[in-house]
Every structure is written in C-alpha cells, then in structure tokens.
Amino acid sequence: MTIKTPDHLKWPVDTDITAVPYSVFNNREVYDLEQQKIHNGPTWNYLGTEDELPENGSFKSTYIGDTPVVVTRGEDGLVYAWVNRCSHRGAEICRERHGKSDDGAFTCVYHQWAFDAKGDLRGVPFQRGLAGKGGMPKDFDKTKHNLRKVRVVSHHGVIFGTFSDDTPDIETYMGEDVSRHFKRILKGPIEVIGHTRQFIAGNWKFYSENTKDPYHASLLHLFHPTFGIYRASLGGGSIVNNDVHSVLWVENNKEDESVLDDVKKDNTRTYQDGTYQLQDPSLLAGMKEFDDDTSTVIFSLFPSLVVHQIQNTLCFRQILPKSESEFELVWTFFGYADDSEELRSYRMKQLNLVGPAGLISMEDGESTELCQKAIVRDGQYSNYIRMGGTGTGSDDHFVTEGAIRSLWKGYRELMDV
Amino acid sequence: MSDDKNNLTLKNEVNDLLNAYVQCIDDDKLEDWPSFFTDKCLYQVVPRENHEMGLPTAVMWCDSQGMLSDRITALRHANIYQVQWYRHIISNTVITSVINDEIHVQSNYAVFKTCNDGESTVFNVGRYIDVIVRVNGELKFKERSAIYDTHRITTLMVIPI
C-alpha cells in the first residue's frame, strides 16, 4: 500500500533540517502517520524492566506509541508482550496497570476468551455450542486467533518491544555511545523505587527535542544558578548515534571560568551571584557511584525512552504520545539492588530535583506546552534550529542544536518525507 | 487538657490547623507554609500507586523546615510556570489515634487549579495522612503525607499540596 505524504509533512523547499514546519506538530494526519511509520515501524520501544515482572505470571500494562500493550512473564520465565486487544471482538483484556495472573491465563471479560502469557489463544467458551446448537464453525482453528504479538528483547534488565521484523538488534539500534551509556547506568541488577506520571498538553516531539537540547539547560532551568550554583561552565557535550538517539552529559571536574565571564556579559537571567542560599544544602548532598566524573547523563533512545542519571537519581522516562497535542511522561525511578541505606537516602532526597515537581526539571513540561500553544495555526511557518551551525552530530559544548538537527534528519528518513 | 481522640477541643484544634494550612497555600502566603511543620519533619506528596506498592518515590519529599523554605524560594525566584491558583477543599477529617502525644489524623482533599485562561480544573485529589504534635502549646505537623489519586499530574506541580 502506498501512503500519500500529507501536505502538512512537506518541508519548506529552501530548508533542510534547520527548520521544521509547525504543521509537523499540530496535525492529526501527521500524528497517525508517525504511529504507523515510527512507533509501529522499525524502532525499539521501552516497555519496562525485568524487576517489574518478578514472578512467572507477572504482567504490566503499557503502550507502544498509543497502542495498548501488555508485557508478561510466562511460565517459562521469559518475557512476552502482546497488544491488549481480544482477537474475538476487540475488547481490552488486561484492565490493571500491573499484577500477577495466578493461573497464567489472561481472560477477556466480555466472552471469556482465554489467552496465555505468550498471547496464544487457549480457550473459547461454548466453542462446540450448547446441546448441539450454535458454537464456532467446525473449521475454527484456535492457533489462527492469537493476540497480535510484540517482538521483545530484554537488554541488561530493560525490556523493549517492536512491531517490525526489520528492527535491527538492540545494540545496533542504539549505536555505540548510547549502548555504552546504557551499560554504564545498568551496571548491576536494578530495583524500581517508584513511578510518577505527568500529562503534558504538547506534541511528543517537542519533548524529544527538549531532551537533545543542551542550549536550554542553563537558561530555562534556573534552580542551580538562582542558588549560586552555576552550571553552563561545566564540561560536557552531546553525542549523536544513528541520527535519532543522543547522549548529553556533564562532567564535574572541567569547570571553565572563562565561560562564566561570557555568561555574565550576556546578562541573562541565568546567573545570580549568591542572592539566595539553600537553607538546607543536604538537598544536593550525594555520593559518587560511577568510576568516572560524569555527574549528569541524559540519553535518549528514540522514540519512546529517555534515561537519566542526574546526580544520584536514576530514571527511565517513557514518552507516550496520546494525540498530536498531548503526551504522557512516565518516570520510573530506580536504584541498584545492592544500594547502601545511605545511597538510597540520597536518592530519595534528590527526587525533589526531577520529575513532575522537580526543582530542576519541571519546566520541561511548561516549555513543551508553550510551544504547542503558539503553533495551533500557521503550519506553513517553521522554527529556526541553527545554534552551533547547520550540521548534524556530536559537539563538545552546550551551545549547539546539532543533536536536534540530527533528530529531524532521522525523522525525515523514518517518515519518508 | 486531655489529648484523647474523642476530645472535642482537640478535634477543633486539629480542624483549625488543617484549615489554616490550606488557607495559607490558597492565599499565596507560601512563605508562612514551612511554619506549619516541626523543624525536623516529613512532608511528602506520593502517588497512590507507589504508596500501595510500598514504593517510596514521591514528587516532593522534604525532611526539614529548611527544605520546605527552599522549595518556596525556588518557586518564587527560579522555577518557570504559568500563573496559577489553588483552592483546597478538605473533608472527612478523622483523628485515628493519639499515641505518646502524637495525634494521627486522616482527611480527604481536593485541589482545584485555576490558570489565567479562567478554567478551574480538578488538579489533585487524595488524602492527607498526618502525625501532629504539640510544640510550645501549638499543633504542628511532624509528618504530612499527601497520597494522591490523581496520579497523572497535569503539566507540573510547583505549589505544594
């Protein structure tokens, strides 16, 4: 089937990836095509962690894009996933966020068709009719009515799913640097310490851009500079893998004082010289837990996952698109199974920094909504993404939008526009 | 005066504290908000799903008056958010027990949020679980947990519950 490219997806002829037409963010047709070509296409989507499925029969409801998906642990101990839609009349089968099926069966409440953890159809009530009347045709073949299955992979305890047979293996998909950072943060068995959820009235791609944007960090998020803890002078940079995935990182030991002088000259709101002080500095206390000086890493595995280490907080952020103008952000915080009590207490206190009420992160929901509000019309206009030049790829500084340009390059390839 | 859970004077005092607390927030007198707590305290805003699963993750978690004050300083001078007002409604306040001078209280709450567009929405609904103590004759929160049902926070949460 040939899919006609909607007019809204046509890029302005005189631009490439340094200008994105606003119609890409405000249009249902584009959104539907994304669900088809990206989320149902050759991409790995975050589903959860092995830790969330502790026993055989454990399950968790989630989504790939906006398609409801259930992840299970089968009787063989392996992880499976299927679309949460009965093969009979299309009803939702699993109605809980998480839990355990004691008999390993998942039964649709509508007509009690029963499936196993793999999504295979096991039982159809009254298949042979009652007292010789009714029932399914004689040639009814249960094996042809399994649930729509999701290909899954468990990588260092994290579960990803894809609908496409063309999706490459997970490490190839991630690329070298994302893969390295993934292994770094999943250095041992993890323990989920809770979820928080945020519903944002903005297009999901504004958030993808946001998490590849080192330029905004010190300008929008003013918690650190307000309390005299300046950030843009720290070392770090951005890396791009396979166009759409990226790593932003900050190193603690590479502060550059000349940068600070430039910042003062620019007279932004950013720098405040000791006007306010934390009354309880224990908020920022923590401990070194990696064998390097990286204090912050935010890496994104397009389209559905952002992983962060911000000081001692560790988190999977799952991006769940709901419409062209809404998405949900599910924050799953974790530690390691062998955390000391002291480390856990730092993680708890630093939760204040991140998440829907995070002192240094709450504005990301706001900025996404600010963009969405302003682009409801004028789809023929474009934004302007030229910080740090017009190229794609990695940079060893923060004053760049190179990773965002790379995203749009990859997006156009995935969407075939 | 006896601190017994059926003591009417105590019930009145507890109700006064709960009412004054929400009035302080709704009237935007947030600088006074930390004074409702003891110096060392626990204030946490926790999604119900975590509470029920025994998982500790909270969206706000403060264990000192200083941390509460820092939240307000950040709200006033650092964080970026659209103009908004809260209106708290509290009900079903029950003193569940009084043990060793600690008054255990539960109540339901609903917070409506109104932004500049004039629409009021139900922003956060849940229950408070409190441990209240007497400091120099005045009741203070030693612990206040807001366990919220509305586990999908719209946009962001900057003002405390």
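Readers should treat all values here as calculations from the given coordinates under stated rules, not as data from a laboratory. Note that the structure is a prediction, hence the values are computed from the model and not measured. Neighbour counts run over all protein chains shown; Cβ positions are idealised from the backbone, glycine included.
Which of B:Q23, B:Q84, B:Q65 moves most in a GNM of chain B, Cα contacts under 10 Å?
B:Q84
Arrange A:I200, B:I153 by Cβ neighbour counts within 10 Å, fewest through most, would you?
Details: A:I200 27, B:I153 24.
The order, fewest Cβ neighbours first, is B:I153, A:I200.
What is the range A:1-131's relative contact order, in percent, from Cα pairs under 8 angstrom and six or more apart in sequence? Could the numbers behind the result be given before it?
On the way: 183 pairs, mean separation 19.8, N = 131.
Answer for the range A:1-131 is 15 percent.
At 7 Å along Cα-to-Cβ for each site, give me the label-to-label distance between A:E342 and B:R48 in nm.
For the pair A:E342/B:R48, the computed spacing is 3.9 nm.
Could you list, bin by bin from short to long, the percent of Cα-Cα pairs of the range A:141-193 in 10 Å steps?
So the P(r) values, bin by bin, are 19, 40, 26, 11, 4.
Can you list the aspartates and glutamates whose alpha carbon is less than 18 Å from that of A:K349, not counting same-chain residues fewer than 8 positions off?
Counting by Cα, and skipping residues close in sequence, A:K349 has these aspartates and glutamates nearby: A:E191, A:D280, A:E289, A:D339, A:E341, B:D39, B:D63, B:D70, B:E143.
Would you mind calculating the relative contact order of the range A:176-415 from Cα pairs under 8 angstrom and at least 6 residues apart, reporting the percent as a whole number?
Numbers: 441 pairs, mean separation 72.3, N = 240.
Rounded, it is 30 percent for the range A:176-415.
Out of A:G135, A:G157, A:G393, any idea which swings most in a Gaussian network model of chain A, alpha carbons joined below 10 Å?
A:G135
Taking the Cα centre of each part, how many Å lie between the range B:21-62 and the range A:201-241?
The distance from the Cα centre of the range B:21-62 to that of the range A:201-241 comes to 27 Å.
Dividing the Cα convex hull volume of the range A:294-357 by residue count, how many Å³ per residue is that?
That works out to 94 Å³ per residue.
May I ask you to list the lysines whose Cα is less than 24 Å away from that of A:K100, ignoring any residue fewer than eight positions away on the same chain?
The qualifying lysines are A:K60, A:K118, A:K149.
On the principal axes of its Cα set, how long, how wide and how thick is the range A:45-155? Give whole Å, largest value first.
50, 27, 22
Let a ≥ b ≥ c be the square roots of the eigenvalues of the Cα gyration tensor of the range A:176-415; is it rounded (a/c under 1.5), or, if not, prolate (a/b larger than b/c) or oblate?
On the way: a/c = 1.42, a/b = 1.18, b/c = 1.20.
Cα axes put the range A:176-415 in the rounded bin.
Residues with amide H under 5 Å of A:V150's amide H, sequence separation 5 or more or different chain, H placed in the peptide plane at 1.01 Å from N; which?
Distant-sequence amide H within range of A:V150: A:A81, A:W82, A:V83.
Amide H to amide H, which residues 5 or more places from A:I64 or on other chains are under 5 Å from it, using H placed in the peptide plane?
A:V69
Give the aspartates and glutamates reachable from A:K144 as a straight Cα distance under 18 Å; neighbours fewer than 8 places away on the same chain don't count.
Cα-Cα hits under 18 Å: A:D116, A:D120.
Specify the residue with the greatest mean-square fluctuation among A:A131, A:A19, A:A81, computed from a Gaussian network of chain A linking alpha-carbon atoms under 10 Å apart.
Looking only at A:A131, A:A19, A:A81, the biggest GNM fluctuation is shown by A:A131.
Which of the pairs A:K37/A:K142; A:K212/A:K409; A:K10/A:K409; A:K183/A:K409 have their Cα atoms more than 19 Å apart in this structure? Please list the in-between numbers first.
Details: A:K37/A:K142 30 Å; A:K212/A:K409 14 Å; A:K10/A:K409 14 Å; A:K183/A:K409 26 Å.
Violating the 19 Å Cα-Cα cut-off are A:K37/A:K142; A:K183/A:K409.
How would the protein assembly as shown be classified by its alpha-carbon gyration tensor: rounded, prolate or oblate, with rounded meaning a/c under 1.5 and the a/b versus b/c comparison settling the rest? Working shown, then result.
Details: a/c = 1.78, a/b = 1.15, b/c = 1.55.
Oblate.
Kirkwood Rh over Cα pairs of the range A:114-248 into Stokes-Einstein at 10 °C, 1.306 mPa s: D in µm²/s? Walk me through the intermediate numbers first.
Numbers: Rh = 20.4 Å.
The diffusion coefficient I find is 78 µm²/s.
Determine the shielding of peptide B:47-54 by partner chains: average, over its residues, the number of Cβ atoms on other chains within 10 angstrom of each Cβ.
On the way: counts 5, 0, 6, 6, 1, 0, 5, 1.
Across the residues of B:47-54, the mean count of other-chain Cβ atoms within 10 Å is 3.
Within 13 Å, Cβ to Cβ, of B:P56, how many net charges do the neighbouring residues add up to if Lys/Arg are +1 and Asp/Glu are -1?
-3
Would you mind ranking A:T313, A:T143, A:T275 by Cβ crowding within 10 Å, fewest neighbours first?
In order of increasing Cβ crowding within 10 Å: A:T143, A:T275, A:T313.
Strictly under 4.7 angstrom between C-beta atoms: which cysteines of chain A have no such partner?
A:C94, A:C315, A:C371
Compute the projected area of the convex hull of the Cα atoms of the range B:8-148, averaged over all viewing directions, and report it in nm² to one decimal place. Please report the intermediate quantities before stating the final value.
Numbers: hull surface 36.6 nm².
Average projection, Cα convex hull of the range B:8-148: 9.1 nm².
Just give me a number: lysine pairs in the range B:1-151, eight or more positions apart or cross-chain, with C-alpha atoms less than 28 Å apart.
Lysine pairs satisfying the spacing and distance rule in the range B:1-151 number 15.
Starting with the fewest neighbours, write out B:C115, B:C24, A:C315 ranked by other beta-carbon atoms found within 10 Å of each beta-carbon. Numbers along the way, then the final one.
Working: B:C115 15, B:C24 18, A:C315 25.
So the residues, fewest neighbours to most, are B:C115, B:C24, A:C315.
Determine the relative contact order of chain B: mean sequence separation of Cα pairs under 8 Å and six or more apart, normalised by residue count, in whole percent.
Values: 289 pairs, mean separation 39.4, N = 161.
Relative CO of chain B lands at 24 percent.
Projected area of the range A:175-236, taken from the Cα convex hull and averaged over every viewing direction, in nm²? Let's see the in-between values first.
Numbers: hull surface 27.7 nm².
That works out to 6.9 nm², a quarter of the Cα hull's surface.
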